[in-house]
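The values are calculated or read from the model by the stated rules, or taken from the named source; none is laboratory data. What you see is a predicted model, and the numbers here were worked out from it, not measured in a lab. Reconstructed Cβ throughout: ideal geometry from the backbone, glycine too, with neighbour counts over all protein chains shown. All accessible areas refer to the heavy atoms of the entire protein, side chains included, with ligands and DNA or RNA removed. Shrake-Rupley method; radii C 1.70, N 1.55, O 1.52, S 1.80 Å.
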Amino acid sequence: MLKINNLHASIETDEGTKEILKGINLEIGDGQVHAIMGPNGSGKSTLSYVLAGREDYEVTKGSIELDGKNILELPPEERAAAGLFLAFQYPVEIPGVNMSTFLKTSVNAVRKQRGQEELDALAMLKLIREKSKELGISDDMMKRAVNVGFSGGEKKRNEILQMAILDPKFCVLDETDSGLDIDALKIVADGVNKMRGQNRSFLVITHYQRLLDYIKPDVVHVMAAGKIIKTGGPELALELEAKGYAEFVGKAA
Amino acid sequence: MSQLAALQPNNLPTPVQEEWKYTNLPKSIPAGLSALQPEPHSIHRNRGQTGGEPVQLLWTGREGTLQAPVLKVVLEEGADLTLIERHDGKGSYWKNMTTEIIVGANAKFNHVRIQNDDANAVHTNMVRVTLARDGTYNGFALNLGGKMMRHEIHAILNGANIECSFNGLNLANGQQHTDTTILMEHKAPHCRSNQFYRTVLDDSARGVFQGKVHVHKPAQKTDGYQLSNAILLSDKAEMDTKPELEIYADDVKCSHGATTGQLDEEPLFYLRSRGLTDAQARLLLMDAFVDEVVDKIEDEKFKTIIQQQAQEWLHKALSK
């Protein structure tokens, strides 16, 4: 499904060019869920932005292939059409754009690029209703501007809603669990688990092991200083939780 | 009531004067205009006279002329009125207008102004609004036209519990110059005033927003709000903003803010990551930017008309 090969990426800062990703290698098979754990500043969020095509980061080396096709040259919207979805760590507030306009525009933009017929108003309404009900998203929330005045939990549920209606094949969840109480976490995890299947893979980026009690990963990676320093099964997350990051990071340094 | 002074063609203000520092009127006036007689127009609503359809006025500019429309609107106590004022024209002319509005006690005036003068015209409008206690003025201006336009507003809040709002949308491209200058004078306690302007500038257009809230000593519990947001679509566009507060009362709530910039990258990226093309995302964000101020118009019909005009302008600007 997704293959990342020797990925290097840097960003321009006031102090000059700073390399953040220093050779990431990752292969995620069809239907698999991989988790990436790591301390702050290890490059987890940068990886998610680079996957989604944010232009502030320059990829200096390596490749990202989605189903055998290098997506690095594609703009963000074409990556979305190709089936990539990023659930943002900090979903962006967009004053003046209401939720339903946003969702309709988004679904039809993706469908058009995929060569699918655009949904009419009725089909769209049905799709949005069905998915938002599953995530406990109220009609009132649909009338508001995108993420404006949403609580932390509402913002994250909104990300999962978009993921559900855009029908992606590869989903990146960037710290979707951060700041959620246990009830909100369960709703979000349920939403993700419902979408798991043979034709869809997930990369779950998290700081805490807790999320992985609800979304069971097939593979766990530990990331530090821009590299993946250890890969293992779900037990690796428990080991991390018990020992803390220090030991792993120390080994990498 | 003193006579509202119109701009005098033989004695024009220059950028040397503080309130004209960004707008060079003498340089903009076409030569050889023939001056027409002032065209007075008056609207009077009697005490308690309410309801009815919005009143519509159209002022059309004519090639080679200096026109001096004079509009006087008086609302007696408890009256209400919605006025839709439109400006268009053809050719090179100077429309030099004075507008005097008197809102009586507990009266309410909704004033929508759509200025779409010729791209070669100069449009100046000196507006004075005087309000009595419990009066409401809700003004909205869409400024689209004119090579040079200045909308100068002076509001005097003379009684308690007045609500006075000036909102507007300025859209300018090419070599257009659009200037909104407001003086909001709070002279009595417990009044609320709002100034909310949004400006979009393309090409070499220049925008000016000068807004001043002057709170006199008796005007305790004043709630004064002022915000100007501008988006520049081109490197050559320029926005000059001068927000001012002058406060002599000691128990007031006043805020002002001004931003000038380009569209934020964060929402753009967010929308594109959801499949919208760069052009689609920009258009959606710009529509939202103007809608937030257009939303202040109370009259639903003209809200829709102004929304459409603004969208048309934006689509053209963004599809170049």
Region B:39-60 residues that are farther than 14 Å from B:Lys108 by Cα, paired with ones that are part of a loop (DSSP other than H, G, I, E, B) (beta carbon under 9 Å, 6 or more apart): B:Glu39/B:Ala68; B:Trp59/B:Asp117
Residue in region A:40-57 that is more than 15 Å from A:Gly226 (Cβ to Cβ), surrounded by fewer than 23 Cβ atoms within 10 Å (Cβ to Cβ) and away from chain B (no Cβ under 14 Å) present: no
Odd one out for B:Lys320 among (1) out of contact with any Ser or Thr (no Cβ under 7 Å at 6 or more places or on another chain); (2) of a type in the set (D, E, K, R); (3) surrounded by 13 or more Cβ atoms within 10 Å (Cβ to Cβ): (3)
Cβ-Cβ under 6 Å pairs, at least 6 apart or on other chains, region A:93-121 side under 23 Å from B:Glu292 (Cβ atoms) and in contact (Cβ under 8 Å) with a residue 24 or more places away in the chain, far side loosely packed, with under 15 Cβ neighbours inside 10 Å and not aliphatic (A, V, I, L, M): none
Among the candidates A:Lys186, A:Lys216, A:Lys243, residue that is within 24 Å of A:Ile4 (Cβ to Cβ) and open to solvent by 30 Å² or more (accessible area, probe 1.4 Å): A:Lys216
Residue count, region B:190-208 (criterion: open to solvent by less than 20 Å² (accessible area, probe 1.4 Å) and part of a loop (DSSP other than H, G, I, E, B)): 3
Of the criteria (1) more than 16 Å from the chain's Cα centre (by Cα); (2) open to solvent by less than 10 Å² (accessible area, probe 1.4 Å), which one A:Gly197 fails: (2)
Qualifying residue in region B:218-235 (condition: free of Cβ contacts under 8 Å to residues at least 12 places away in the same chain and either closer than 26 Å to A:Ala109 by Cα or exposed (fewer than 14 other Cβ atoms within 10 Å of the Cβ) (or both)): yes
Qualifying positions in region A:80-105 - open to solvent by 10 Å² or more (accessible area, probe 1.4 Å), within 12 Å of chain B (Cβ to nearest Cβ) and in a helix (DSSP H, G or I): A:Ala81, A:Thr101, A:Lys104, A:Thr105
Residues satisfying the stated conditions in region B:264-293, i.e. open to solvent by 40 Å² or more (accessible area, probe 1.4 Å), out of contact with any helix residue (DSSP H, G or I) (no Cβ under 7 Å at 6 or more places or on another chain) and closer than 24 Å to A:Pro168 by Cβ: B:Glu265, B:Glu266
Qualifying residues in region A:58-71 (those that are open to solvent by less than 30 Å² (accessible area, probe 1.4 Å) and out of contact with any helix residue (DSSP H, G or I) (no Cβ under 7 Å at 6 or more places or on another chain)) - the one nearest to the other protein chains (Cβ to nearest Cβ): A:Leu66
Output for region B:98-119, where each listed residue is open to solvent by 30 Å² or more (accessible area, probe 1.4 Å), more than 22 Å from B:Ile306 (Cα to Cα) and of a type outside the set (A, V, I, L, M, F, W, C): B:Asn106
Single match in B:Lys320, B:Lys301 (criterion: more than 30 Å from A:Ser48 (Cβ to Cβ), more than 10 Å from every other protein chain (Cβ to nearest Cβ), at pLDDT below 95 and assigned to a loop (DSSP other than H, G, I, E, B)): B:Lys320
Among the residues listed as A:Leu103, A:Leu180, the single one being modelled with pLDDT of 95 or more and either of a type outside the set (S, T, N, Q) or within 25 Å of A:Gln209 (Cβ to Cβ) (or both): A:Leu103
Qualifying residue in region A:153-173 (condition: surrounded by fewer than 15 Cβ atoms within 10 Å (Cβ to Cβ), aliphatic (A, V, I, L, M), out of contact with any Phe, Trp or Tyr (no Cβ under 8 Å at 6 or more places or on another chain) and more than 20 Å from A:Glu65 (Cα to Cα)): no
Filtered residue count, region A:25-38, keeping only those that are part of a loop (DSSP other than H, G, I, E, B) and open to solvent by 30 Å² or more (accessible area, probe 1.4 Å): 2
Failed item in (1) surrounded by fewer than 22 Cβ atoms within 10 Å (Cβ to Cβ); (2) in contact with a strand residue (DSSP E or B) (Cβ under 7 Å, 6 or more places away or on another chain); (3) in a strand (DSSP E or B), with A:Glu12 passing the rest: (2)
Residue pairs meeting the criteria (Cβ under 8 Å; at least 6 apart or on separate chains; first at negative phi, in region B:180-194; second hydroxyl-bearing (Ser, Thr, Tyr) and surrounded by fewer than 23 Cβ atoms within 10 Å (Cβ to Cβ)): B:Arg192/B:Tyr225; B:Ser193/B:Ser165; B:Ser193/B:Tyr225; B:Asn194/B:Ser165; B:Asn194/B:Tyr225
Positions within region B:120-152 being open to solvent by 10 Å² or more (accessible area, probe 1.4 Å), small (Gly, Ala, Ser) and not in a loop (DSSP other than H, G, I, E, B), in sequence order: none
From the options A:Lys69, A:Lys44, residue that is under 26 Å from B:Pro267 (Cα atoms) and at pLDDT below 95: A:Lys44
Answer residue from region B:19-38, given it is open to solvent by 40 Å² or more (accessible area, probe 1.4 Å) and out of contact with any strand residue (DSSP E or B) (no Cβ under 7 Å at 6 or more places or on another chain) and is nearest to B:Asn110 (Cα to Cα) among those: B:Gln37
Options B:Glu266, B:Glu312, B:Glu292, B:Glu246: the member that is without any contact (Cβ under 8 Å) to a residue 40 or more places away in the chain, within 13 Å of another protein chain (Cβ to nearest Cβ) and outside any loop (DSSP other than H, G, I, E, B): B:Glu266
Enumeration of residues in region B:153-189 that are among the aliphatic types (A, V, I, L, M), open to solvent by less than 40 Å² (accessible area, probe 1.4 Å) and under 20 Å from B:Asp240 (Cα atoms): B:Ile153, B:Leu169, B:Leu171, B:Ala172, B:Ile182, B:Met184
Some residue of region A:200-209 being among the basic types (Lys, Arg), surrounded by 14 or more Cβ atoms within 10 Å (Cβ to Cβ) and under 24 Å from A:Val222 (Cα atoms): yes
